[in-house]
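Below is one structure; the comments refer to it alone.
The values are calculated or read from the model by the stated rules, or taken from the named source; none is laboratory data. Predicted, not measured: the structure shown is a model, and the values here were computed from it. Every residue, glycine as well, gets a Cβ built from its backbone with ideal geometry; the counts of neighbours run over all protein chains shown. When the accessible area is computed, the model is the full protein with side chains, heavy atoms only, and any ligands, DNA or RNA have been set aside. Shrake-Rupley method; radii C 1.70, N 1.55, O 1.52, S 1.80 Å.
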Amino acid sequence: MLPITDFLSCTDVLDEFDSLSYHQTTHAKTYVTGLAAIRSKTVTGIAREVLPAGSDRALNKFITEYDWDEDQLNHERLEELQKHGETRWSQDGYIVIDDSVIQRTGKSLPGAGEFYDHSEGEPVWGQNLVYAFYTDEKTSYPLAFRQYEKADDEDEEDEQETKYDLAREIITELEEEVGVPADTYLFDAWFAHDSGLIEHVESHGKDWIGPLRGNRQVTYANKERRVDALEECIDKEEREVDGETYKIWTKTVPISKLGEVRLVITEKVTDEDDENPVKYLATNKIDAPSAHIIRSYSYRWRVETFFEDSKEDLGLGDCEVRDSDGASRHWHLQMLAYSLLRLGPEPSASERLVSKASSLRSQLEHGLKETIYNMFSWVRDQPDRDLDGLMKDIDHLFLHSEGSL
């Protein structure tokens with residue numbers, strides 16, 4: 001059994017969303033509760049385990065047939081997050097652009113194909129989503145996504161949108177429609193490779209930080225060379241950044257396709273387990289201290305935690321809907337479930353001790369343990385109640401599921 005009273009109270013914010021009718025709001029609450037609380041996060045599993053869905057027919061129609069705008073729902077989700085201090089975005093925050101492959105086996109799933117999975121180091125069969133993700137020192141949550149689909153034949157290849165194109169679409173939406181104030185975009189080496197994407201960010205007056213591949217050409221001392229070859233002929237200075245020891249070298253230099261940018265070559269001395277301790281960070285933050293650039297780029301890792309949490313605990317890869325619009329709605333509702341967990345009640349003193357946990361799973365498990373402890377304390381303080389009466393009062397606080405976190 002999984003206690004969900006706190007999560008259910010968070011779903012009440014959906015009552016204020018204009019994108020959903022009264023009955024659609026009920027279905028949305030059912031769906032996101034299922035994503036957060038039960039093991040089987042398919043339409044059938046959610047309908048079976050979460051009341052008041054009753055049967056999967058109505059819930060399936062909500063996902064695939066009912067008339068509601070998931071893009072409007074997403075904008076309302078982001079607006080709701082801005083009403084709360086702990087989730088309100090700021091100019092000092094960061095927007096991470098990254099993609100993730102959801103490994104699947106079905107050949108008829110919308111957009112399914114063979115994609116290179118960086119976490120596996122090889123091509124896998126699945127679905128590929130490009131995300132924008134907001135993060136700062138106090139919170140993190142997804143902003144928007146696009147599904148990347150490969151062309152079915154050669155005739156479609158010329159019109160096919162690349163992942164770079166999808167990233168530019170997302171950035172345009174965030175800058176011109178949503179108005180996210182964060183000053184800095186963070187990329188991995190793959191997205192940082194596209195100069196058009198970099199130019200698109202700069203056209204909106206924003207900064208960016210991204211790593212370079214070792215073969216990127218850099219002009220230094222009037223000679224063009226690979227950045228990894230440059231690393232071998234410079235002297236790095238050892239410095240402390242947030243308790244970690246780095247060897248650092250930095251200079252503003254011309255880099256192929258990027259022009260004059262700030263280059264920071266950094267080697268983490270204290271991490272013996274890192275297979276690639278040397279990183280080549282490029283940025284248009286010409287005057288920023290090296291420590292700021294290194295510290296800022298460390299925030300990119302939070303999107304990886306989001307992908308891990310979403311796949312393992314929130315049903316990112318569990319959608320069995322064969323309809324592309326239905327799959328898109330599932331992924332939008334998954335982002336909503338993730339965000340509602342961020343809007344949980346004010347943490348207790350013991351919860352604050354684990355607030356820096358890297359994984360949402362750790363926080364959910366801690367919340368479960370504390371709720372069970374509080375329940376036992378409540379039962380102990382009811383000495384005159386019979387067992388049947390106590391169980392009746394307790395039962396409505398839980399969802400019955402096949403397993404628990």
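Miscellaneous remarks
- Peptides ranked, highest mean first, by Cβ atoms within 10 Å: ranges 79-85, 123-129, 55-61: 123-129, 55-61, 79-85
- Here segment 237-332 has 41 percent of its accessible surface on carbon and sulfur atoms, given a 1.4 Å probe and all protein chains in place.
- The fraction of accessible area contributed by carbon and sulfur in segment 20-140 is 44 percent, rounded to a whole number (1.4 Å probe; ligands and nucleic acids excluded).
- Using only alpha carbons, segment 21-112 has a radius of gyration to Kirkwood radius ratio (Rg to Rh) of 1.03.
- What segment 80-134 shows is 43 Å² of accessible area per residue, with the surface traced by a 1.4 Å probe over protein heavy atoms.
- In this structure, Asp12 and Gln82 have a Cβ-Cβ separation that, at R0 = 22 Å, corresponds to a calculated FRET efficiency of about 0.80.
- The mean accessible area for residues of segment 140-284, using a 1.4 Å probe and ignoring ligands and nucleic acids, is 51 Å² per residue.
- About the centre of its Cα atoms, segment 17-84 shows a dipole size close to 500 debye [charges on the beta carbon of Lys, Arg (+1) and Asp, Glu (-1) only; nearest 20 debye].
- Length gained on full extension, Ser119 to Gln217, computed as 0.36 nm times the residue gap minus the Cα-Cα distance: 32.6 nm.
- Size check on segment 176-268: the Cα extents along the three principal axes, sorted descending, read 46, 35, 20 Å.
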